[in-house]
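S.K.: Take a look at this one; I'll ask things after.
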Amino acid sequence: MSGQAERKASADSPVSGAFAGQYVSFGLGEEVFAAPVGLVREILTYQPPSRIPNSP
């Protein structure tokens, strides 16, 4: 997360305010992203890309 301070939840310092709640996190390349659980519809396993006929 470049340019942003990271906050980590622990028993000694609970996260509050805008960072409170449950999140789903995932990696894409070198980046890590997170989305609130309430916005997630489903979690799919990785599937290799398929070739589409007559495409470049």
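S.K.: Does residue 55 satisfy the criteria of being hydroxyl-bearing (Ser, Thr, Tyr) and either modelled with pLDDT under 90 or not in a loop (DSSP other than H, G, I, E, B) (or both)? Step through it out loud before you land on a result.
M.R.: Values: hydroxyl-bearing (Ser, Thr, Tyr): yes; either modelled with pLDDT under 90 or not in a loop (DSSP other than H, G, I, E, B) (or both): yes.
When the stated conditions are applied, residue 55 passes them.
S.K.: Continuing with the same structure: Is it the case, given these coordinates, that residue 35 is within 18 Å of the chain's Cα centre (by Cα), surrounded by 10 or more Cβ atoms within 10 Å (Cβ to Cβ) and at pLDDT 90 or above?
M.R.: Yes, satisfied.
The values are calculated or read from the model by the stated rules, or taken from the named source; none is laboratory data. All figures in this text were calculated on a predicted structure; none of them were measured in a lab. For neighbour counting, all protein chains shown are included, and Cβ atoms are generated from backbone atoms with ideal geometry for every residue, glycine included.
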